[in-house]
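Trainee: Could you have a look at this structure, given as structure tokens, before my questions?
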């Protein structure tokens, strides 16, 4: 190999490494900018959550309704549901 060909290959290799380095650096910067926007969105969401949590903490519950005679007169009208098997165990088995 001639020395001029070696010099050209070395210069191309250095340029290629420089271009690759710039590309990776620019990708890293873009990722950091995206992370900042995600962090801002998370901060806004956290702020809304804390504000709503503080609003809920101010709610009080008065138990006077349980002492009302109308509440005591309520009757439970639920019926017990007896579980019944429906259909066949394996519906894909042919019938005899």
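Trainee: Across segment 57-68, what is the number of residues that are under 42 Å from the mean Cα position of the chain (by Cα) and in a loop (DSSP other than H, G, I, E, B)?
Mentor: We begin by selecting, within segment 57-68, every residue under 42 Å from the mean Cα position of the chain (by Cα); these are 57-66.
From the residues that got through so far, the ones that are in a loop (DSSP other than H, G, I, E, B) too are 58-62.
The total comes to 5.
Trainee: Can we say residue 6 is at pLDDT below 85, surrounded by 10 or more Cβ atoms within 10 Å (Cβ to Cβ), in a helix (DSSP H, G or I) and out of contact with any helix residue (DSSP H, G or I) (no Cβ under 7 Å at 6 or more places or on another chain)? Steps first, please.
Mentor: Numbers: at pLDDT below 85: no; surrounded by 10 or more Cβ atoms within 10 Å (Cβ to Cβ): yes; in a helix (DSSP H, G or I): yes; out of contact with any helix residue (DSSP H, G or I) (no Cβ under 7 Å at 6 or more places or on another chain): yes.
No, not satisfied.
Trainee: While we're on this one: Does segment 69-94 hold any residues that are surrounded by fewer than 10 Cβ atoms within 10 Å (Cβ to Cβ) and either assigned to a helix (DSSP H, G or I) or in contact with a helix residue (DSSP H, G or I) (Cβ under 8 Å, 6 or more places away or on another chain) (or both), and which are they? I'd like the intermediate steps shown before the answer.
Mentor: Within segment 69-94, the subset surrounded by fewer than 10 Cβ atoms within 10 Å (Cβ to Cβ) is 69-70, 72-94.
69, 70, 72 - these are the residues of segment 69-94 that are surrounded by fewer than 10 Cβ atoms within 10 Å (Cβ to Cβ) and either assigned to a helix (DSSP H, G or I) or in contact with a helix residue (DSSP H, G or I) (Cβ under 8 Å, 6 or more places away or on another chain) (or both).
Trainee: Hey, another quick one. Going by what's in this entry, would residue 48 be described as out of contact with any strand residue (DSSP E or B) (no Cβ under 6 Å at 6 or more places or on another chain), part of a helix (DSSP H, G or I) and at pLDDT 85 or above? Walk me through how you get there before you give the answer.
Mentor: Details: out of contact with any strand residue (DSSP E or B) (no Cβ under 6 Å at 6 or more places or on another chain): yes; part of a helix (DSSP H, G or I): yes; at pLDDT 85 or above: yes.
So residue 48 fits the description; yes.
The values are calculated or read from the model by the stated rules, or taken from the named source; none is laboratory data. From a predicted model like this one, the values you see are computed outputs, not experimental measurements. Ideal geometry is used to build each Cβ from the backbone, glycine not excepted, and the neighbour counts take in all protein chains shown.
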